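Following: one structure in structure tokens, then a few remarks.
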Amino acid sequence: MTVLTQSPARPESGGPPGGGRRLVEMVLRARELSILGALVLLVLGTTIANPRFMSGQGLKDIFLNASILVLLAVGQSMVVVTRNIDLSVGSVVGLVAFTAGKYASGGDRNVVLVVLVGVGIGLLCGLVNGLLVSFCRVPALVVTLGTLYVIQGLDYRIAHGQQIGAADLPASLLSLGNDGILGVPYLPIITVLVMLAVGYYLRSYSSGREYYAIGSSPEAAMLAGVPIRRRVLTAYLVSGALAGLAGVLWLARFGTVVADAANGWELKVVSAVVVGGVAITGGVGTVYGAALGALLLTTIGSVLVVLKVNSFWQDAITGVLLLLAISVDRLLALRVTRALKQRSLASAAHRAAAPESGARKNREGRS
């Protein structure tokens with residue numbers, strides 16, 4: 001997971017050109033539809049076994065529980081698309097949840113200020129990761145694993161065995177995590193808006209397509225003039241900012257926070273992203289697929305609770321899905337590469353045949 005230096009020129013867009021791009025997009029849509037189909041079958045099967053699973057409160061709980069994971073998966077997707085990884089997001093959530101909680105419990109704080117404090121801390125963590133990966137060219141796995149432990153240690157040092165309780169927090173902050181508009185909770189609304197904004201940017205802007213170009217081939221992206229360092233740094237900043245926002249939402253959702261909040265969630269986030277069709281090798285995937293992956297994993301956890309199955313099986317099922325997703329990614333990548341080669345050979349043969357056909361017609365016309 002190394003990063004190359006940037007070049008002055010800049011391409012109009014990244015990714016496979018023409019028919020190749022359409023083929024890749026068709027494959028991605030197929031992956032997302034398959035995840036959606038699995039999710040629907042899972043919900044229907046559980047509803048048949050326990051009709052209360054589809055109650056209004058049951059659906060509300062699933063979307064509330066999935067919102068924070070989806071938010072983290074959106075930020076992680078931008079990083080993974082560039083052929084990097086961010087293992088520090090879980091520890092950032094824990095640090096922000098406790099720090100923002102201490103700030104909010106100091107008085108009747110405005111909820112916007114609490115959110116800004118959380119996002120600012122997340123941005124600072126993302127900046128450290130991004131600078132070390134993009135400009136110092138340290139492998140992303142090493143950097144983010146190191147910052148994971150550093151941030152966890154800092155969190156324990158700040159907490160010092162203390163706990164933030166719901167009684168210490170302002171009502172406006174708690175309402176952010178539990179109330180809603182017309183029966184729809186605020187958390188899913190915020191998550192969907194962020195997901196749509198990031199997804200639209202990555203798909204519709206040339207600078208957004210450059211993230212895919214970096215993940216597909218860093219060498220080609222460098223030669224094409226993509227500002228690799230700047231894009232990778234931006235991806236880590238987005239991931240850190242969304243982790244900071246997720247930390248504030250965690251605080252608002254649960255109210256009570258200790259130093260090890262969201263401990264181990266970095267693996268859940270990576271699993272959701274990969275299960276959602278974002279290739280761990282970079283260059284392929286969408287934030288919508290990552291969101292579906294997060295929703296699928298959250299629903300599996302809720303299903304196991306409803307069916308009174310040992311929680312151990314949730315980790316086992318997550319591991320199986322992760323292995324399947326990586327295997328399918330590899331097989332699809334090989335098939336897409338083979339199809340693109342065949343199209344390229346057919347196109348070259350057609351172009352070679354065109355001049356010969358024209359020359360033959362000219363000779364026939366002169367005779």
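The values are calculated or read from the model by the stated rules, or taken from the named source; none is laboratory data. Because the structure is a prediction, the values reported are computed rather than measured. Cβ coordinates were reconstructed from backbone atoms using ideal geometry, including for glycine residues, and neighbour counts include every protein chain displayed. Protein only, heavy atoms only, side chains kept; ligands, DNA and RNA dropped before computing areas. Shrake-Rupley method; radii C 1.70, N 1.55, O 1.52, S 1.80 Å.
Worth pointing out:
- Residue that is modelled with the highest pLDDT, among those in the range 239-258 that are among the hydrophobic types (A, V, I, L, M, F, W, C), more than 10 Å from Gly118 (Cβ to Cβ) and surrounded by fewer than 24 Cβ atoms within 10 Å (Cβ to Cβ): Phe254
- Matching residues, the range 106-117, being open to solvent by 50 Å² or more (accessible area, probe 1.4 Å) and not acidic (Asp, Glu): Gly106, Arg109, Asn110, Val112, Leu113, Leu116
- Annotation: Thr82 fulfils all but one of (1) surrounded by 24 or more Cβ atoms within 10 Å (Cβ to Cβ); (2) among the hydroxyl-bearing types (Ser, Thr, Tyr); (3) over 16 Å from the mean Cα position of the chain (by Cα); the unmet one is (3).
Conditions (1) farther than 23 Å from Ala197 by Cβ; (2) out of contact with any helix residue (DSSP H, G or I) (no Cβ under 9 Å at 6 or more places or on another chain); (3) polar (S, T, N, Q); (4) not in a helix (DSSP H, G or I), marked per residue:
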| residue | (1), (2), (3), (4) |
| --- | --- |
| Leu267 | yes, no, no, no |
| Ala279 | no, no, no, yes |
| Gly282 | no, no, no, yes |
| Tyr288 | no, no, no, no |
| Leu292 | no, no, no, no |
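- Check on Leu297, modelled with pLDDT under 70, part of a helix (DSSP H, G or I), under 21 Å from Gly277 (Cβ atoms) and in contact with a helix residue (DSSP H, G or I) (Cβ under 8 Å, 6 or more places away or on another chain): no
- Considering residues of the range 39-51 that are in a helix (DSSP H, G or I) and in contact (Cβ under 8 Å) with a residue 40 or more places away in the chain only, the residue surrounded by the most Cβ atoms within 10 Å (Cβ to Cβ): Thr46
- When each of Gly165, Gly126, Gly120 is tested for being open to solvent by less than 70 Å² (accessible area, probe 1.4 Å) and touching a Phe, Trp or Tyr at 6+ places or on another chain (Cβ under 6 Å), the lone residue that passes is Gly126.
- Selection of first residues in the range 105-134 that are under 20 Å from Leu187 (Cβ atoms) and of second residues that are open to solvent by 40 Å² or more (accessible area, probe 1.4 Å) and not acidic (Asp, Glu), restricted to Cβ pairs under 6 Å at least 6 apart or on distinct chains, gives the following pairs, ordered by first then second residue: Val111/Ser172; Val117/Tyr103.
- Candidates are the residues of the range 153-162 that are under 30 Å from the mean Cα position of the chain (by Cα) and not hydrophobic (A, V, I, L, M, F, W, C); the one that is least open to solvent (accessible area, probe 1.4 Å) is Asp155.
- If you go through the range 168-184 and keep only what is loosely packed, with under 11 Cβ neighbours inside 10 Å and not aliphatic (A, V, I, L, M), you end up with just Gly183.
- Scanning the range 107-134 for residues that are at pLDDT below 95 and closer than 21 Å to Ile85 by Cβ yields a single hit, Ser134.
Residues checked against (1) in contact with a strand residue (DSSP E or B) (Cβ under 7 Å, 6 or more places away or on another chain); (2) assigned to a helix (DSSP H, G or I); (3) within 27 Å of Tyr200 (Cβ to Cβ):
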residue	(1), (2), (3)
Ala66	no, yes, yes
Val74	no, yes, yes
Asn84	no, no, yes
Tyr103	no, yes, no
Val112	no, yes, yes
Leu124	no, yes, yes
Leu141	no, yes, no
Leu148	no, yes, no
Ile151	no, yes, no
